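I have placed the structure first, in the form of structure tokens, so that the comments after it can refer back to it.
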Amino acid sequence: MKDTTQYQYAVAKGVMREQAIRLHHDRYEEIGFFKKNEIDPYEQLSTYFAAQAEDGVIVGVTRLIKDRLEELPTIQYFRIYDLEMAKLSQLDRTRFAEVSAFTKMPQHEVGAGLIKTVLQYSLDTGLTHWICCIDERVYKYMTRMIKFPLKVIGEPQVYLGSVTIPCALQLSEFLASLQQHRPSLYEFFMSPLNNVSERVSL
């Protein structure tokens, strides 16, 4: 039976933010990324985004970490190529953030809606670049199927249990690529938030 659940997406504040953080911690503990009661040093530096089901339960979460370039987790935990580090270092601190903590409850297809929410927030607040580290399999899927122009900025390594690739994404390049190669997905990402259904197949 097709899932007809409608979801609401938003910047998570107040109680919603607390619930989004709890979902992130619970899911990461389940798969062994976090130890029980582990303190997350990036929590206070982050803006959280949540997907909420019709019953009010938070079923998906991601966040943007805003900090000095050298303090971001991807920059700290991976060996970044000198040339790429030099390019990123030229960006104003207000122009980049790290996307992380991307997770959802099983059976809830909210990934595209979360990306849309973060993207629109980023464009509205003047961000031009995302930094992230992505599982190798997800990286291959996103570059091949969705045409994400993810730039590899350092050496892949095992991180949080799988081979992971440090990347940067220039948002203007991303949108231009989508408009050319996946126009329907481009229209979805650029349409008003929560305007009927916020689910689309990636």
>> Between segment 57-96 and segment 150-193, how far is it from one alpha carbon centroid to the other, in angstrom?
In response: 14 Å
> Of all the accessible heavy-atom surface of segment 7-157, with the other protein chains kept in place and a 1.4 Å probe, what percent is carbon and sulfur?
Replying inline: 52 percent
> Which entries in the list LYS66/LYS116; LYS104/LYS140; LYS13/LYS147; LYS36/LYS147 go over 27 Å, if you measure between the two C-alpha atoms of each?
Replying inline: LYS13/LYS147; LYS36/LYS147
> Calculated from DSSP H runs of 4 or more alone, at -39500 (n - 2.57) each and per residue, what is the 222 nm mean residue ellipticity of the chain, nearest 500?
Replying inline: -11000 deg cm²/dmol
>> Given a 10 angstrom Cα cut-off, can you work out which residue in ALA176, ALA101, ALA12 is the most mobile in a GNM of the chain?
In response: ALA176
>> Just the number: Rg to Rh for the chain, Cα atoms, Kirkwood Rh, two decimals.
In response: 0.94
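Suppose we look only past 14 Å in the calculated P(r) of segment 48-99. What percent of the Cα-Cα pairs does that tail hold?
Beyond 14 Å sits 61 percent of the P(r) for segment 48-99.
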>> Which three extents, in angstrom, do the Cα atoms of segment 65-181 have along their principal axes, listed largest first?
In response: 38, 34, 26
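Can you sort MET142, MET85 by 1.4 Å-probe accessible area, starting with the largest?
If we order MET142, MET85 from most to least accessible, we get MET85, MET142.
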> Residue farthest toward the positive end of the dipole of the chain, with Cβ of Lys/Arg at +1 and Asp/Glu at -1: which of ALA112, PHE174, ILE80?
Replying inline: PHE174
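The values are calculated or read from the model by the stated rules, or taken from the named source; none is laboratory data. Nothing here was measured: the structure is a model prediction, and the numbers come from that model. Quick reminder, even Gly has a Cβ in these numbers, built from the backbone with ideal geometry, and neighbours come from all protein chains shown. These area figures cover heavy atoms from the full protein model, side chains too; ligands, DNA and RNA do not enter into them. Shrake-Rupley method; radii C 1.70, N 1.55, O 1.52, S 1.80 Å.
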